[in-house]
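The values are calculated or read from the model by the stated rules, or taken from the named source; none is laboratory data. Computed from a predicted model, the values in this text were never measured in an experiment. As a convention, Cβ positions derive from the backbone with ideal geometry for all residues, glycine included, and neighbour counts pool all protein chains shown.
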Amino acid sequence: MLTAEENETLTRTGPDTPMGRMMRRFWLPVASAHQVAAPDGAPLRTQLLGEHLVVFRDTDGNLGVLDEFCVHRRASLALGRNEEGGLRCLLHGWKFTCDGTIVETPNHKSANVREKIKQPSYPVIEAGGMIWTYIGDPAQQPPFQKYGWFDAPSENYVVLRINNPANYLQLYEGGVDSAHVGILHMNMMNPGWKDSAFVDGKTNQDGGKGWGGEAGDYGEDGKAGMYMSSTVFEETPDLGIEDTAYGFQYAALRDTGQDENGDPAWSVRITPVMFPAGRIIPANAFQFYVFEIPMTDEMTATYLVFHGSGPQDRDVIIDTMGLADLRFWTYEGCDFQASWNDRLGQDRDSMDRNWSGFAGIEQEDSVIAMSMTPIVDRTKEYLVPSDEAVIRLRRRLLDSVALNEAGGNPLGLTVEDYSNVVAVPDTVIPKSADWTDLARGNSETGRTVRGEAAE
């Protein structure tokens, strides 16, 4: 259980908060590239760590990230005209380039204003189908961090953005809670539940009947086959956790009887957690990156990246995520929408055959996070051993905040390349083996960086 003070530290990300100061040390995604794809297209109005921003692509394809409100009279530049190499405020016609330089002031002929002030702007980099910015102290700007899909052909990855009306931490915690996968997502992971008992935490009493649902266009194992390769959701997993230079990694260890040599064996799934807000979910078809980026304390931009060795089908991925239902989300709009007016869209009439009354992984995750209220009061929780990775996430985030507040580098800041950090899907190993050997890059990345050695 957290104290009220610790909960405040973990969940508040504004400019004058410890977590907000720590997160501002990093380059963070501010948009999906598709949101500002067209030169001279509509500017994107968004928020990042409580800051109101506008993102746009000018006539020549250059990107700009500016404060949303015009430095003159504070009208929103999201309404502005994006034309001829700059963004023009509608109110008095002041025009700004991507770096905030004022090039025209129609209501003020003298050049003194244009020479003296600028619209606040932020560094911007486009990489991996996402727009990244740095809104911290310019004197502390770190190197830009590389992730494993950045060098891949664009057809080999899909990027989705979901704006979830909940604090980032409850979404982040959901991503490190392996025990919920076979329960909340039972429709996909164990469709045979309809013919099973549900006792003692076991979700697979029928031996995995119907595993993965119907194959159709999703391969021989159905939709679940994109994500899982086994039916071992028989019980809550044991957890192995290792602190790393960038946060931690954990292994969900499920007893799978014996391996091919007759030795007692685990089925292992490894999830690396990269601070301040990233993780990679184990999946068969791709490396499945997730970034939970606070827009405000009560709104989170969840970025999903699906990176495979070959071309990825965006429509299939959207469907498996439960995002094809336009009531909840659209690719163009990005906002996840649900209301208690209709029980967050739950179809209770279907629950004789639909475990959750919802459809798809992200739909279920988003709805559950919303159901907790915008910011969870963690002083009222009762945690159990299967929550160990959630507890470690909180502890390591607090460690990172403390490092930054003491004048040091937060965890992961000086890791410049995450290419060797990977998730490991269901893999059977002897219980006598070291699970960290399955992904040595996870343990070693950043380890030699002074001041950030893994514990």
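Here are some residues: Thr9, Thr13. Which one is within 13 Å of Leu397 (Cβ to Cβ), touching a residue at least 12 places away in the same chain (Cβ under 8 Å), surrounded by 21 or more Cβ atoms within 10 Å (Cβ to Cβ) and polar (S, T, N, Q)? Working first, answer last.
Working: Thr9 fails: surrounded by 21 or more Cβ atoms within 10 Å (Cβ to Cβ).
Selected residue: Thr13, the only one of Thr9, Thr13 that is within 13 Å of Leu397 (Cβ to Cβ), touching a residue at least 12 places away in the same chain (Cβ under 8 Å), surrounded by 21 or more Cβ atoms within 10 Å (Cβ to Cβ) and polar (S, T, N, Q).
Inside the range 268-342, counting only strands (runs of 3 or more DSSP E) that do not spill past its ends, which hold 3 or more residues that are in contact with an Asp or Glu (Cβ under 9 Å, 6 or more places away or on another chain), under 28 Å from Phe26 (Cα atoms) and in the same structural domain as Thr436 (by TED's automatic domain parsing)? Even if it seems obvious, please write down each step before you answer.
On the way: elements: 278-281, 287-296, 299-307.
Per the criteria, 299-307.
Any idea which of (1) closer than 30 Å to Asn112 by Cα; (2) under 24 Å from the mean Cα position of the chain (by Cα); (3) acidic (Asp, Glu) is the one Glu8 doesn't satisfy?
In the conditions (1) closer than 30 Å to Asn112 by Cα; (2) under 24 Å from the mean Cα position of the chain (by Cα); (3) acidic (Asp, Glu), Glu8 misses (1) alone.
Scan the range 36-61 for residues that are in contact (Cβ under 8 Å) with a residue 60 or more places away in the chain and either within 23 Å of Met22 (Cα to Cα) or touching a Ser or Thr at 6+ places or on another chain (Cβ under 8 Å) (or both) and report the count.
Result for the range 36-61: 8.
Could you give every pair whose Cβ atoms fall below 7 Å, whose first residue belongs to the range 93-110 and is touching a residue at least 12 places away in the same chain (Cβ under 8 Å), and whose second residue is of a type in the set (Asp, Glu) and outside any loop (DSSP other than H, G, I, E, B), counting only separations of at least 6 or pairs across chains?
Once the first residue is touching a residue at least 12 places away in the same chain (Cβ under 8 Å) and sits in the range 93-110, its partners that are of a type in the set (Asp, Glu) and outside any loop (DSSP other than H, G, I, E, B) give Gly93/Glu104; Trp94/Glu104.
Is there a residue being under 25 Å from Ala139 (Cβ atoms), surrounded by 18 or more Cβ atoms within 10 Å (Cβ to Cβ) and touching a strand residue (DSSP E or B) at 6+ places or on another chain (Cβ under 9 Å) anywhere in the range 435-447?
Within the range 435-447 (the criterion being under 25 Å from Ala139 (Cβ atoms), surrounded by 18 or more Cβ atoms within 10 Å (Cβ to Cβ) and touching a strand residue (DSSP E or B) at 6+ places or on another chain (Cβ under 9 Å)), the answer is yes, since at least one residue qualifies.
One line per residue, one yes/no per condition, for (1) assigned to a strand (DSSP E or B); (2) closer than 23 Å to Arg279 by Cα; (3) under 17 Å from the mean Cα position of the chain (by Cα):
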site	(1), (2), (3)
Asn354	no, no, no
Arg394	no, yes, yes
Leu397	no, yes, yes
Leu403	no, yes, no
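Which residue out of Phe291, Phe328, Phe275, Phe306 is buried (at least 17 other Cβ atoms within 10 Å of the Cβ), farther than 30 Å from Asn404 by Cα and touching a residue at least 40 places away in the same chain (Cβ under 8 Å)?
Numbers: Phe291 fails: farther than 30 Å from Asn404 by Cα; Phe328 fails: touching a residue at least 40 places away in the same chain (Cβ under 8 Å); Phe275 fails: farther than 30 Å from Asn404 by Cα.
None of the others qualify; the one that does is Phe306.
Could you tell me which numbered condition Glu362 fails, if it satisfies all but one of (1) under 22 Å from the mean Cα position of the chain (by Cα); (2) at pLDDT 95 or above; (3) in a helix (DSSP H, G or I); (4) within 29 Å of Asn190 (Cβ to Cβ)?
With respect to (1) under 22 Å from the mean Cα position of the chain (by Cα); (2) at pLDDT 95 or above; (3) in a helix (DSSP H, G or I); (4) within 29 Å of Asn190 (Cβ to Cβ), Glu362 is out only on (2).
Out of (1) under 29 Å from Glu6 (Cα atoms); (2) in contact with a strand residue (DSSP E or B) (Cβ under 6 Å, 6 or more places away or on another chain), the odd one out for Cys334 is which?
So Cys334 meets the others, but not (1).
In contact with a Lys or Arg (Cβ under 7 Å, 6 or more places away or on another chain) and in a strand (DSSP E or B), is that true of Val55? So that I can check it myself, show each step before the final result.
Working: in contact with a Lys or Arg (Cβ under 7 Å, 6 or more places away or on another chain): no; in a strand (DSSP E or B): yes.
Considered against the rule, which asks whether it is in contact with a Lys or Arg (Cβ under 7 Å, 6 or more places away or on another chain) and in a strand (DSSP E or B), Val55 comes out as no.
From the list Phe306, Phe358, Phe328, pick out the single residue that is in contact with a Lys or Arg (Cβ under 9 Å, 6 or more places away or on another chain) and of a type in the set (Phe, Trp, Tyr). Quick ask: steps written out before the conclusion?
Numbers: Phe358 fails: in contact with a Lys or Arg (Cβ under 9 Å, 6 or more places away or on another chain); Phe328 fails: in contact with a Lys or Arg (Cβ under 9 Å, 6 or more places away or on another chain).
Result of the check over Phe306, Phe358, Phe328: Phe306.
Scanning the range 76-91 for residues that are touching a His at 6+ places or on another chain (Cβ under 9 Å) and without any contact (Cβ under 8 Å) to a residue 24 or more places away in the chain, which turns out nearest to Asn107 (Cα to Cα)?
In this case the residue turns out to be Leu91.
Just one of the numbered conditions (1) over 21 Å from Asp417 (Cα atoms); (2) in contact (Cβ under 8 Å) with a residue 12 or more places away in the chain; (3) surrounded by fewer than 22 Cβ atoms within 10 Å (Cβ to Cβ) is not true of Asn164; which one?
Exception for Asn164: condition (3).
Kindly indicate which of Asn112, Asn156, Asn82 is over 18 Å from Val30 (Cα atoms), at pLDDT below 95 and not β-branched (Val, Ile, Thr).
Details: Asn156 fails: at pLDDT below 95; Asn82 fails: at pLDDT below 95.
Criteria check complete, one pass: Asn112.
Only one of (1) buried (at least 19 other Cβ atoms within 10 Å of the Cβ); (2) small (Gly, Ala, Ser); (3) within 30 Å of Tyr168 (Cα to Cα) fails for Ser76. Which number is that?
Just one mismatch for Ser76, condition (1).
Quick one: count up the residues across the range 62-115 that are of a type in the set (Ser, Thr, Tyr) and not in a strand (DSSP E or B). Talk me through it step by step, then tell me what you get.
Applying the first criterion (of a type in the set (Ser, Thr, Tyr)) to the range 62-115 yields 76, 97, 101, 105, 110.
With the extra rule that they be not in a strand (DSSP E or B), the set shrinks to 97, 105, 110.
Matching residues across the range 62-115 total 3.
Count, please, the residues in the range 404-414 that happen to be in contact with a helix residue (DSSP H, G or I) (Cβ under 8 Å, 6 or more places away or on another chain) and aliphatic (A, V, I, L, M). First the steps, then the outcome.
Taking the range 404-414 first, the residues in contact with a helix residue (DSSP H, G or I) (Cβ under 8 Å, 6 or more places away or on another chain) are 404-405, 409-412.
Subset that is aliphatic (A, V, I, L, M): 411.
Adding up the residues that qualify gives 1.
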